[in-house]
Amino acid sequence: MTPNIHVQTAPAADDEVVTAPLAMLRAAAVHCLPDGDSGGYYAVVPLADGTRITFAGTTVNREHPDVSIHHPVRDHDSWSAQWSDGGSVFADVYDSRDQHLAYEADTAALVDAVLRWIPRHGGSAPEGGVGETAEQLATTALAEWGITAHTDGDAGNTWLVISSDQAATTLTATGRASYVLLSLHNSDDDEWVLDRPPVRPTDRWKLLTGDGTGAEQDWMTQPVDQLTSCVEAIADWLTKPQAATTWWVVYTDDGDGIGIVGCHEVPDSLEDQEELFREFEVACLSVRCVVAVDDEAAMIAVLRECDPSFRDQEQAGALLDAAIQALGTH
């Protein structure tokens with residue numbers, strides 16, 4: 001039988017104000033506990049996604065701290081509750097300041113507000129603590145297949161990068177090959193995260209593919225209990241030959257060094273290739289060479305063929321990056 005949190009023995013005037021809301025929340029199977037610091041005393045509701053709700057009361061008796069849960073019911077003035085991500089992000093859950101509500105009505109409203117807030121964060125955290133983060137779960141699942149991944153992110157979002165070149169040991173090296181991005185996506189907050197457990201109602205595993213030139217596309221979206229299917233798809237992708245992208249790189253060699261003028265991904269049809277080549281001829285009258293490359297090794301070979309003294313692999317990689325970034329220009 002589900003407990004009715006609103007059926008409670010009327011509190012005595014000398015009871016601590018926190019006694020009733022703690023009892024009501026615990027009757028609803030919510031893990032909560034009193035806490036406090038130099039700023040006052042409050043109650044904490046840990047949530048399954050690693051965030052938390054704190055609530056505290058105010059009192060009409062100024063002998064008690066402004067933030068308190070230990071003053072008697074007869075001195076109760078209001079309740080306030082806030083959600084926090086554990087860092088700098090906060091949101092109001094409940095606030096009855098200046099409303100002068102009776103203690104029982106105010107406490108019932110506080111508990112209702114907290115109970116409505118909890119499900120969006122995956123429920124109440126178990127007493128043993130929150131589960132593993134998305135990053136821990138994903139990296140463990142990938143490692144079971146012998147797959148390595150790098151953590152990357154931008155603008156507060158984070159994801160795992162799985163390169164087709166599994167020998168790559170840096171994100172820079174990974175970026176020169178095709179790759180898959182794996183992250184936990186939440187459509188409500190439009191966030192890509194790895195640092196919390198996948199427990200929110202709209203959490204989904206999301207996969208994107210990238211071709212190494214900056215172009216990315218959606219690949220797969222799966223419920224949080226289908227991480228295994230995501231990892232299996234990645235393993236299949238890694239075992240299949242990756243289609244090589246070929247570029248026509250237009251460059252000059254004036255004796256003082258090689259300069260990349262522009263580059264373009266080679267079209268599939270011969271007709272389109274001929275048209276593109278004519279554009280190169282018209283736009284770059286002073287260009288001496290047009291070559292096709294499909295990876296860093298090919299670029300290095302081209303450079304060495306044009307300039308036998310060229311031996312700087314790091315510089316060759318930088319030139320290839322510049323060529324890739326120039327795709328579509330000529």
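The values are calculated or read from the model by the stated rules, or taken from the named source; none is laboratory data. All values derive from a computational prediction rather than experimental measurement. Heads up, the Cβs are rebuilt from the backbone with ideal geometry, glycines too, and the neighbour counts pull from every protein chain shown. For accessibility, only protein heavy atoms count, side chains too; no ligands or nucleic acids. Shrake-Rupley method; radii C 1.70, N 1.55, O 1.52, S 1.80 Å.
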Test: Val60 is of a type outside the set (Ser, Thr, Tyr), farther than 27 Å from Pro197 by Cα and modelled with pLDDT of 80 or more: yes
Collect the residues in the range 186-196 that are touching an Asp or Glu at 6+ places or on another chain (Cβ under 8 Å) and surrounded by fewer than 21 Cβ atoms within 10 Å (Cβ to Cβ), keeping them in residue-number order. Asn186, Asp195
Scope the range 46-95; condition open to solvent by 60 Å² or more (accessible area, probe 1.4 Å), in a strand (DSSP E or B) and either touching a residue at least 60 places away in the same chain (Cβ under 8 Å) or of a type in the set (D, E, K, R) (or both); matching residues: Arg52, Asp92
What number of residues within the range 197-219 are open to solvent by less than 40 Å² (accessible area, probe 1.4 Å) and in a strand (DSSP E or B)? 7
Looking only at the range 131-158, and only at residues there that are in a helix (DSSP H, G or I) and free of Cβ contacts under 8 Å to residues at least 60 places away in the same chain, the one that is most open to solvent (accessible area, probe 1.4 Å): Gln136
For the range 104-116, indicate whether the set of residues that are under 16 Å from Val44 (Cβ atoms) and either open to solvent by 60 Å² or more (accessible area, probe 1.4 Å) or in a loop (DSSP other than H, G, I, E, B) (or both) is non-empty. no
So Ile162 passes all but one of these: (1) open to solvent by 50 Å² or more (accessible area, probe 1.4 Å); (2) closer than 18 Å to Ala235 by Cα; (3) part of a strand (DSSP E or B). Which condition number does it fail? (1)
